[in-house]
1. Between a residue in region 1-29 that is modelled with pLDDT under 95 and any residue that is assigned to a helix (DSSP H, G or I) and among the β-branched types (Val, Ile, Thr), which pairs come within a Cβ distance under 8 Å, given they are 6 or more apart or on different chains?
2. Check off (1) part of a helix (DSSP H, G or I); (2) at pLDDT 90 or above for Leu96 and give me the number that stays unchecked.
3. Among the residues of region 76-87, how many are at pLDDT 90 or above and surrounded by fewer than 20 Cβ atoms within 10 Å (Cβ to Cβ)?
4. Between residues in region 58-83 that are closer than 15 Å to Phe14 by Cβ and residues that are of a type in the set (S, T, N, Q), which pairs lie under 8 Å by C-beta distance while being six or more apart or on different chains?
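The values are calculated or read from the model by the stated rules, or taken from the named source; none is laboratory data. Since the structure is predicted, the reported quantities are computational estimates derived from the model, not experimental observations. Cβ placement follows ideal geometry from the backbone for every residue including glycine, while neighbour counts extend to all protein chains displayed.
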Amino acid sequence: MNRYVLSEEAELDFYEALSFIEPFSEKASVLLEAAFIEAFVFLGEWPDLGHNLEGLASPNLRSWHVKDYLVIYEPGTKPLLIHAVIHAARDLPTVLQQRIQSQHSHD
């Protein structure tokens with residue numbers, strides 16, 4: 001059984017990050033992919049260890065750093081729902097607000 005699942009947006013984020021890095025260094029892209037997957041599995045087992053994002057979006061979202069990226073997830077979900085995999089330099093509040101609004105409009 002999977003301990004985590006990526007939202008459609010998070011899956012796109014994941015592949016976009018790897019696709020961005022791959023032309024510069026295939027090895028770096030492979031290492032980043034492994035680091036992401038390791039983090040997803042780890043967070044699926046220990047979801048409360050991330051940083052609380054209360055005040056930025058939904059009060060129950062958390063984040064976990066993977067290299068220069070943030071994995072944004074909802075710890076109370078089974079399997080663990082990963083909402084975003086975004087570069088840490090992006091405008092986190094804006095990205096999260098857009099994601100949450102988009103996901104609620106699909107419900």
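1. Listed pairs, sorted by first residue: Arg3/Val41.
2. Failing condition for Leu96: (2).
3. 5
4. What qualifies is Leu70/Ser63; Val71/Ser63; Ile72/Ser63; Tyr73/Ser63; Leu81/Ser7; Ile82/Ser7; His83/Ser7; His83/Gln103.
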